[in-house]
1. Quick check on my filter: what residues within the stretch 488-502 are of a type in the set (A, V, I, L, M) and surrounded by fewer than 21 Cβ atoms within 10 Å (Cβ to Cβ)?
2. If you take the residues of the stretch 191-211 that are farther than 15 Å from T92 by Cβ and open to solvent by less than 10 Å² (accessible area, probe 1.4 Å), which of them is modelled with the lowest pLDDT?
3. How many of the residues making up the stretch 82-110 are small (G, A, S) and either surrounded by 22 or more Cβ atoms within 10 Å (Cβ to Cβ) or not in a helix (DSSP H, G or I) (or both)?
4. State all residues of the stretch 72-121 that are at pLDDT below 75 and under 24 Å from V237 (Cβ atoms); if no residue qualifies, say none.
5. Answer with yes or no whether V226 is among the hydrophobic types (A, V, I, L, M, F, W, C) and open to solvent by less than 30 Å² (accessible area, probe 1.4 Å).
6. Among the numbered criteria (1) over 22 Å from F96 (Cβ atoms); (2) in contact with a Lys or Arg (Cβ under 7 Å, 6 or more places away or on another chain); (3) not polar (S, T, N, Q), which one does V158 miss?
7. Do we find that L366 is at pLDDT below 90, open to solvent by 10 Å² or more (accessible area, probe 1.4 Å) and among the hydrophobic types (A, V, I, L, M, F, W, C) in this structure?
8. Against the definition (open to solvent by 70 Å² or more (accessible area, probe 1.4 Å) and more than 20 Å from the chain's Cα centre (by Cα)), how does P453 come out, yes or no?
Amino acid sequence: MITLEPSGRNRELAADIVRFTRKSARRYKRSRISWSDRFVDAYSWGLGIGVSLTIAASFVLALRNEIADRASATGSIIGEQWLVLPEPVLWTSVTFAVLLSISNLARKFGPMAVSGAESTWWLTLPVDRRPMVLPPFLGKVALTAAGSAIIYLPFSMVIAIDRAPVEHVFAALTFGGAGAIAVVLAAVQQLGLLGPRLGKATTAAATLGCSFLPALSWSPWPTALVGLAAVGLSALVVPRSGRVRGEELVRGGAVAGHAGASLFMMDANEVLRALSGGRQRVDGGRAARFYARHTHGPLRALIRADAVAFFRLNPPLMPPLLWLVACIAMLSVEGGLPEFVQLAVIVIAGCATASGMGTVARKTALVPELDAMLPLHPALVRTSRALMPCLAMSLWMAVLSGLLVLLGAADPWLILVGALAGVGMGAGTLRAATRTPPDWTAPPVETPFGPVPRAQLGSLLRGLDVTILATIPLLVALYLGYVPSTVLMVQAVFSSGIFLVVVLSRPKRT
């Protein structure tokens, strides 16, 4: 790679190249889209956004009224709370988790990145890279700040009912500035201005400090402080934006392009593969002894290979633990949230944890011809693939149910119900991993809310449907406050039925 010292002439040449490329791209797009198509697209997008905003506003107002009218512990699935978490602590923790997620996603996508065509056309030129990567980076920072402020506004209206409208605006602007800081800190890590560990620690400390500021909405000073911090960090990054390494630009662009295309095609498996592609760290020490044991028969060998792959791919332990803490925090918050919110958090936590356990199944689903070459029945192969996710989810759900029993949500039989529910949820990960890509030849269905791609949504929800179905008996037991024998039997029937359906059904061919 040829590098030149930044100069005025060099930078002007790079700016001309970028300007010419983007002008040509806009001219090409305009030549392929007519004004009637633009009007139809604008009308469809406007109608969809308007209906979505109306539904979201109605939900926010209903939830706000529900929280305002609740009693101290009325409406909670825990009858007598002995563990009480103050509301400010909970909402500050949620804010910190969101900011940290924004920074991690920005680091994966690369705050400064180029697409495949740009990496071939731009990076090979011996010119200054700053005009090439700086405008998209500033656009990402501004878009993140605006989106964070818009999203935080209804959140502020729900969690702080006693705030004045101006205070809600200040809180939203403060969170928007904190989101911009999270993206700029990701750029600091990308440029290598700090070491890997020091950069992560600095980002965590900065986002933790920013998470306290939206609660101080009675004064405009937190908003001004966050704005000045964002501007100062940007002033530190902008002059050095041309020094980012080419391989880092290509990596970020590849991850962002892969994830964006997967979202556009509504393929959840590809989204997860894109987000986890950069963090694969193979560890052979976890399962070395288990792998060295002698085995008999192809089925035992396959089960051992799947178990070894599950441990070697290092399923992260922190997200499941954080979801456990989130569930307990939502149930223990002072005043108690509505029951449907608490149950919804448990379902979301279970679905999110289950999706992280299907890494091996998603990787093997890429080449199904290899499974067909094994000297085993396809049902036995799928049973081996589902074994480790089922065991892991059964353990996670048993731990969660045990914590709920300690809090007084139900009797100890809830632990067995949770363990059985984990079996069905683990089988749902295999069903999700082997889902076929959406069929885009099927026409959408016209509804009052506009055209709905029913066939594509059906493919997207494959796997998630049985995961939620497996949790229904558990949710019924939590709602009742005890575990009837019928609930236990229904949970066993649901989990066993889901497992059998998943391992016995053949995936559809594209």
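The values are calculated or read from the model by the stated rules, or taken from the named source; none is laboratory data. All values derive from a computational prediction rather than experimental measurement. Glycine also receives a Cβ, built like all others from the backbone with ideal geometry; neighbour counts cover every protein chain displayed. Please note that ligands, DNA and RNA were not included when accessible areas were found on the heavy atoms of the full protein model with its side chains. Shrake-Rupley method; radii C 1.70, N 1.55, O 1.52, S 1.80 Å.
1. Narrowing the stretch 488-502 to residues of a type in the set (A, V, I, L, M): 488-490, 492-493, 498, 500-502.
Answer for the stretch 488-502, where residues must be of a type in the set (A, V, I, L, M) and surrounded by fewer than 21 Cβ atoms within 10 Å (Cβ to Cβ): L488, M489, V490, A492, V493, L500, V501.
2. Restricting attention to the stretch 191-211, the residues satisfying the condition of being farther than 15 Å from T92 by Cβ are 191-203.
If we keep only those that are open to solvent by less than 10 Å² (accessible area, probe 1.4 Å) as well, we get 199, 203.
Numbers: G199: 84, T203: 89.
Ranking the candidates gives G199 first.
3. So in the stretch 82-110, the residues small (G, A, S) come out as 93, 97, 101, 103, 106, 110.
Subset that is either surrounded by 22 or more Cβ atoms within 10 Å (Cβ to Cβ) or not in a helix (DSSP H, G or I) (or both): 103, 106, 110.
Qualifying residue count for the region: 3.
4. E118, S119
5. yes
6. Evaluating V158 over (1) over 22 Å from F96 (Cβ atoms); (2) in contact with a Lys or Arg (Cβ under 7 Å, 6 or more places away or on another chain); (3) not polar (S, T, N, Q) leaves (1) as the failure.
7. Working: at pLDDT below 90: yes; open to solvent by 10 Å² or more (accessible area, probe 1.4 Å): yes; among the hydrophobic types (A, V, I, L, M, F, W, C): yes.
Spelling it out, L366 is indeed at pLDDT below 90, open to solvent by 10 Å² or more (accessible area, probe 1.4 Å) and among the hydrophobic types (A, V, I, L, M, F, W, C).
8. Numbers: open to solvent by 70 Å² or more (accessible area, probe 1.4 Å): no; more than 20 Å from the chain's Cα centre (by Cα): yes.
Answer is no for this residue.
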